[in-house]
Every structure is written in C-alpha cells, then in structure tokens.
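Q: To start, I am sharing the structure in question, which I have written as structure tokens.
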Amino acid sequence: MSNTYNIMMLPGDGIGPEIMAQVEKLITWINDNTDLTLKTEHGLIGGCSTDAHGVPLSDETLEECRASDMIMLGAVGGPKWDGVEYNKRPEAGLLRLRKELDLFANLRPALVFDALIDASTLKPEIVRGLDILIVRELTGGVYFGEPRGIEDLGNGQRRGYNTQTYTTNEIERLARVGFDLARKRGNKVTSCEKANVMESGKLWREDVTALHTAEASDVTLEHMYADNCAMQLLRNPSQFDVIITDNLFGDILSDEAAMLTGSLGMLPSASLGADGIPGVYEPVHGSAPDIAGQGKANPLATLLSFAMGLRYSLNQGDLATAIEQAAQNVLNNGTRTADIIAEGCTQVSTDEMGDALIDDLANNSAIKNAA
Ligand code: NAD
C-alpha cells in the first residue's frame with residue numbers, strides 16, 4: 001500500500017499563514033521520522049486570492065484541491081475585504097470549495113482537555129473528560145432551500161421566508177457518517193431535529209430510524225428534539241457521544257458545544273464528502289486580524305485539524321492520536337499561548353507552541369518506529 005499522500009495547503013488570510021507554518025513543520029517532522037511521505041502543494045484562498053486573481057478561489061486552485069488527498073485550510077477574511085462585492089468576499093472562496101466538493105458533513109469535536117478545564121464557563125465536574133462529536137449536515141436545509149426571499153406585501157409590510165427541505169438521500173448519507181464515526185468512538189448516536197413541529201424533522205427521524213435498522217443496529221441510537229439537546233448540552237453534556245443534526249440546528253448546537261471547552265484557539269473541524277473526495281480540515285476560528293503577524297495565535301486548533309485529516313482522509317489514526325496526545329502533554333506541562341494562559345504557566349509564541357508539540361511527539365518513540 002502506498003504511503004505517499006498529497007496535501008493541499010491553503011493558508012488564507014490574517015493568522016492563517018502563521019498557524020499553517022506549524023503544520024508545515026509537523027509535516028517535515030513526519031516525513032523525516034516515519035514511513036509516511038506527505039507531499040504538499042500550496043494555493044491561495046480568501047482575500048489574498050481576490051487580491052492576486054480577482055476571485056477568492058481560482059479554478060486552478062480548485063482543481064489542485066480536487067486532485068489532492070486532503071486539504072488543510074488556515075482561515076480567511078479581514079477588514080481589508082469588508083467592502084468588496086459578495087462573490088469576491090473571502091468567505092465566498094470557502095463556500096465555493098465546500099459546494100464544488102459537495103462536502104455535506106461537518107465534524108466538530110468538543111473535547112475538554114484536563115489542563116484547560118477552568119477555561120470552560122461550566123463547572124469542572126460537568127465538563128471533565130468531555131468528548132462529543134457533532135456531525136452537522138452542511139449543504140442542505142433551510143440555508144439553501146427554495147423558495148426563499150423577502151416579498152413586499154403592499155400594505156407597508158414585508159414577508160421574509162426560507163424553506164427547510166431534506167431528501168431521504170441527504171438524511172441517509174449524513175446519518176451513515178454519524179454511525180460510522182460512532183463505531184470508532186462511544187458507539188452511540190443522538191439524532192436531533194424538531195419532529196414534533198416540522199415535517200422535515202419527521203422525515204429526518206423516520207429515515208434515520210430506517211437506516212439504523214437496515215445498516216447500524218450495532219450502534220445505540222436515540223432521538224432528541226433540538227431544543228432539548230441545547231438544554232442537555234449544558235445540563236449533562238457527557239451523555240453525548242456523536243450528535244447528528246441538520247444544517248440550522250447543527251450551526252447552533254456546535255457553537256454551544258464548542259463553548260463548553262472554553263477556547264476558540266483549541267477547536268478543530270473537518271468537512272467531509274463522498275468516498276474519494278478530499279476532506280477539508282480547518283480550525284473553527286477565523287483569521288483573527290487583531291493579532292495577525294504578532295506571533296500570538298494559538299496553532300493547536302489547526303494542528304488538531306491536521307490530526308483529523310490524518311485520521312479521516314489518510315487513514316493514519318495512530319499518528320493522529322499521537323498528535324492529540326502530544327497536544328495534551330504540552331498543555332499539561334504548562335506551555336500556553338496568550339489566549340489560554342493561566343497562573344503558573346509559561347507563555348509561548350505561535351512558533352514555540354508548534355515546536356513544543358513536535359518535541360513532545362519526537363519523544364514518542366512508538367510512533368517514530370511504527371508509522
Ligand atoms: P475570529 O475567530 O477571527 O476571532 C475572534 C477572537 O478570537 C479574536 O479576538 C481573535 O484574536 C481570537 N482568536 C481567534 N483565533 C485565535 C487563535 N488561534 N489564537 C488566539 N486567539 C484567537 O473571529 P472574528 O474576529 O469574528 O472574524 C475575523 C475575520 O475572520 C472576519 O473577516 C471573519 O469573516 C473571518 N472568519 C473566518 C472564518 C474561517 O475562515 N473559517 C471563520 C470565522 C470568521
């Protein structure tokens with residue numbers, strides 16, 4: 001089996017290049033110390049691409065992305081491009097990438113590191129050991145459904161409307177991802193919708209149940225109304241393993257779950273499509289223009305996103321786990337960037353945090369010999 005993979009690197013804007021430089025260092029370390037060969041190509045996305053090519057994602061870069069095994073993305077956006085027309089905005093590059101690759105499943109883990117337990121606004125006993133994975137449908141639902149619009153009712157009133165719509169195929173492919181992931185974790189899926197008041201939610205529940213019976217009866221399935229899920233995430237979050245949900249509820253529930261962990265600089269994400277399509281791996285945070293170029297950015301969300309890519313796109317689960325463990329060790333040792341600094345800890349730069357993680361990994365001889 002080939003151990004050579006192609007990774008498309010899209011650093012983007014703001015802190016994007018600084019945090020992605022840490023992934024470059026990690027890739028160099030992996031190439032030097034394991035049997036894997038990770039080749040990289042580089043492209044522009046976001047405001048820097050609009051500046052260079054007039055569009056936030058060029059056709060050429062998109063084709064290079066398509067030809068890769070996985071795509072690593074930093075972040076896009078910044079005040080410089082706030083006034084540009086909609087299809088030249090940095091975010092339009094991201095949306096185009098997701099749409100063209102039909103990345104329908106967005107994975108957002110909410111993992112509480114013991115060393116950062118005080119960063120959560122919830123009590124330590126509620127969030128200790130928390131490990132939830134939210135799988136949000138990303139390309140359907142009310143954000144894309146037709147008809148949509150704002151109409152003039154002619155009597156000084158207007159009406160705004162959107163359509164929540166899901167097909168069986170859209171529901172099944174998302175649920176299948178959820179069941180597959182649950183088998184590699186706690187083997188439990190909680191499916192969230194509003195079947196009590198929405199037909200699309202009723203269909204969602206029926207289709208998830210049917211798929212479970214047909215293909216995934218080995219996984220525990222429970223259904224929960226989305227509003228109850230929002231409440232349960234604060235009341236007793238450790239009851240959850242994998243949560244599958246639609247685009248709108250997933251948008252809200254994943255942000256809520258993220259805040260259980262307390263720190264934006266620590267949150268990775270993945271967007272996956274059909275088999276054979278490269279996944280996109282990126283931190284949840286944005287381009288942080290307020291700290292760009294100052295060496296203050298926390299690179300861990302990006303490095304943890306890269307670990308997700310190793311696991312889900314390159315099938316290198318052991319190496320991914322070793323990187324996650326290295327992040328854990330570095331935090332336990334009190335090494336912190338400014339956003340997660342605490343009393344008694346040592347504050348380091350973006351670059352130093354990247355080095356600390358690689359140093360820890362280098363001490364993990366099991367990976368060096370086995371990968
Ligand atoms: P942001 O996530 O960039 O920043 C919010 C706050 O968190 C800032 O104070 C920032 O300094 C801090 N922060 C973010 N990431 C950090 C890190 N790794 N280390 C330390 N601190 C970090 O959100 P924003 O300020 O609302 O948006 C800034 C720009 O990013 C906007 O142009 C927005 O459109 C864009 N954005 C892009 C993405 C993306 O690329 N996926 C996501 C969200 C926002």
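Q: Tell me the label-point distance for the pair Thr168, His42, using the 7 Å Cα-to-Cβ offset, in nm and rounded to one decimal.
A: Placing both labels 7 Å beyond Cα along the Cβ direction yields 4.9 nm.
Q: Report the paramagnetic label zone for Asp114: residues of segment 237-266 whose backbone N is under 19 Å from a point 7 Å from Cα along the Cα-to-Cβ axis.
A: Those under the cut-off are 238, 261-262.
Q: Percent relative contact order of the chain, based on C-alpha pairs within less than 8 angstrom and at least six residues apart?
A: Numbers: 770 pairs, mean separation 77.2, N = 371.
Once normalised by length, the contact order is 21 percent.
Q: Which helices, taking whole DSSP H runs in the chain, have alpha carbons extending 20 angstrom or more along the helix axis plus mean Kyte-Doolittle at least 0.0?
A: Working: long enough: 16-33 (26 Å, -0.18); 168-183 (22 Å, -0.37); 199-215 (24 Å, -0.81); 247-261 (22 Å, 0.55); 317-332 (22 Å, 0.09).
Correct list, ordered by number: 247-261, 317-332.
Q: What share of the DSSP beta bridges in segment 105-272 is antiparallel, in percent to the nearest 5? Kindly include the intermediate steps, with their values, before the conclusion.
A: Working: 14 of 28 bridges.
Expressed as a percentage, antiparallel bridges in segment 105-272 total about 50.
Q: Let me ask something additional. Which residue fluctuates the most in the chain, going by a Gaussian network model with Cα springs under 10 Å, if the choices are Val84, Val219, Val127?
A: It is Val84.
Q: Taking R0 as 30 Å, what FRET efficiency do you get between Thr28 and Ile277 from their Cβ-Cβ distance, rounded to the nearest 0.05? Mind dumping the intermediate values first?
A: Values: r = 27 Å, r/R0 = 0.89.
Efficiency computed from Cβ-Cβ geometry: 0.65.
Q: With a 10 Å cut-off between alpha carbons and a GNM built on the chain, which of Val142, Val284, Val23 moves the most?
A: Ranking Val142, Val284, Val23 by mean-square fluctuation puts Val142 first.
Q: Full-extension gain between Cys345 and Glu125, please, as 0.36 nm times their residue separation minus the C-alpha to C-alpha distance. Write down the numbers at each step before the final one.
A: Values: separation 220, 0.36 × 220 = 79.20 nm, distance 2.24 nm.
Contour length minus Cα-Cα distance gives 77.0 nm.
Q: I would also like to ask the following. Quick one, can you get me the convex hull of the C-alpha atoms of segment 105-272 expressed as volume per residue in Å³?
A: On the way: hull volume 22.2 nm³, N = 168.
Enclosed volume per residue, from the Cα hull, is 132 Å³.
Q: Filter the trypsin sites (Lys or Arg not before Pro) in segment 108-189 down to the DSSP loop ones having no more than 16 other Cβ atoms within 10 Å, then list what survives. Write out the running numbers ahead of the final one.
A: Values: sites: Arg128, Arg136, Arg148, Arg158, Arg159, Arg173, Arg176, Arg183, Lys184, Arg185, Lys188; in loops: Arg128, Arg148, Lys184, Arg185.
Listed in order of number, the matching sites are Arg128, Arg148, Lys184, Arg185.
Q: Can you give me the C-alpha center-to-center distance between segment 211-227 and segment 56-70, rounded to a whole angstrom?
A: Here the answer is 35 Å between Cα centres.
Q: Obtain the nm distance between the two label points defined at Asn187 and Ser238 by a simple spin-label model: each point lies 7 Å from its Cα along the Cα-to-C-beta direction.
A: 2.0 nm
Q: Report, in deg cm²/dmol and to the nearest 500, the calculated mean residue ellipticity at 222 nm for the chain, where each DSSP H run with n ≥ 4 adds -39500 (n - 2.57) and the sum is divided by the residue count.
A: On the way: 13 runs with 155 residues, N = 371.
The per-residue figure over the chain is -13000 deg cm²/dmol.
Q: Set the Förster distance to 56 Å, then compute FRET efficiency between Tyr86 and Asn363 from the Cβ-Cβ distance, nearest 0.05.
A: Numbers: r = 49 Å, r/R0 = 0.87.
Once the sixth-power term is evaluated, E becomes 0.70.
Q: OK, next. Under a point spin-label approximation (7 Å from Cα along Cα-to-Cβ), what is the Glu63-Asp355 distance to one decimal in nm?
A: Here the modelled spin labels are 4.1 nm apart.
Q: Report, in whole Å, the centroid distance computed from the Cα atoms of segment 1-42 and segment 320-352.
A: About 21 Å separates the Cα centre of segment 1-42 from the one of segment 320-352.
Q: Pulled fully out, how much extra length does the chain show between Leu95 and Thr220, if you take 0.36 nm times their separation in residues and subtract their Cα-Cα distance?
A: 41.7 nm
Q: Would you mind calculating the gained length between Ile150 and Asn315 on full extension (0.36 nm times residue separation, minus the Cα-Cα distance), in nm to one decimal?
A: Numbers: separation 165, 0.36 × 165 = 59.40 nm, distance 4.58 nm.
Result for the pair: 54.8 nm of gain on full extension.
Q: Springs between alpha-carbon pairs under 10 angstrom, Gaussian network model over the chain: which of Asn329, Asn247, Asn87 fluctuates most?
A: Asn87
Q: Another question, if that's okay. Could you give the dipole magnitude of the chain about its Cα centre, charging the beta-carbon of Lys and Arg +1 and that of Asp and Glu -1, in debye to the nearest 20?
A: Working: 30 positive and 53 negative charges, 112 e Å.
Approximately 540 debye in magnitude.
Q: Separate question: Give me the count of lysine pairs in the chain whose alpha carbons sit under 21 angstrom apart, restricted to pairs 8 or more positions apart or on different chains.
A: Taking the chain as the scope, the lysine pair count is 9.
Q: Now a separate question. If you take the beta carbon distance between Gln328 and His53 as r and set R0 to 35 Å, what does 1/(1 + (r/R0)^6) give as a FRET efficiency, to the nearest 0.05?
A: On the way: r = 40 Å, r/R0 = 1.14.
Result of the calculation: an efficiency of 0.30.
Every number in this text was worked out from the coordinates using simple rules, so none of it is lab data. It should be emphasised that the depicted structure is a prediction, and the values quoted were computed from it without experimental measurement. Don't worry about glycine lacking a Cβ; one is built from the backbone with ideal geometry, like all the others, and counts go over all protein chains shown.
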